[in-house]
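Below is one structure, written out as structure tokens; the observations come after it.
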Amino acid sequence: MSRDELRAALEAKAVTVVDALPAAPYRRRHLPGAVNLTAFDAAGSAGALLPDRSAAIVAYSTDAGCDRGPALVAELTRLGYADVRLYADGIEDWAAAGLPLETGA
């Protein structure tokens, strides 16, 4: 998914965004409205954070070189989530474009 596609989906409130990074970097900064879930924790926590397995979900991590986002997409798909996509360019691309970020948990 491209930055522009994700931005439009966020503005339309048509997607749940999931930050695949560990808690500390998530608290430092994340995309607006993003929830925090790693691939390692997905089996135990995804049901509570993402109860609708048919909802549109977009996962991201640091950038295209980071494997955390793709790993989370694979794990959520394995867990039965039907519409999971990847914002491969990640938070670095979002921040470089000057788009808003949130801090805290």
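The values are calculated or read from the model by the stated rules, or taken from the named source; none is laboratory data. Nothing here was measured: the structure is a model prediction, and the numbers come from that model. Here the Cβ positions follow ideal geometry from the backbone for every residue, glycine too, while neighbour counts run over all protein chains shown.
The residues of segment 1-48 that are of a type outside the set (Asp, Glu) and more than 23 Å from Trp94 (Cα to Cα), listed by number, are Phe40, Ala42, Ala43, Gly44, Ser45, Ala46, Gly47, Ala48.
I'd like the residue in segment 34-57 that is of a type in the set (S, T, N, Q) and buried (at least 18 other Cβ atoms within 10 Å of the Cβ) and, out of all such residues, is farthest from Leu76 (Cα to Cα). Within segment 34-57, the match that is farthest from Leu76 (Cα to Cα) is Asn36. Of all the numbered requirements in (1) in contact with a Phe, Trp or Tyr (Cβ under 7 Å, 6 or more places away or on another chain); (2) without any contact (Cβ under 8 Å) to a residue 24 or more places away in the chain, Ile57 misses one, and that requirement is (2).
Residue pairs, Cβ under 6 Å, 6 or more apart or interchain, first in segment 67-93 and touching a residue at least 60 places away in the same chain (Cβ under 8 Å), second among the charged types (D, E, K, R). List them. Partner pairs satisfying both residue conditions: Asp93/Arg3. Only one entry in Ala14, Ala56, Ala105, Ala20 is touching a strand residue (DSSP E or B) at 6+ places or on another chain (Cβ under 8 Å), small (Gly, Ala, Ser) and at pLDDT below 95, namely Ala105.
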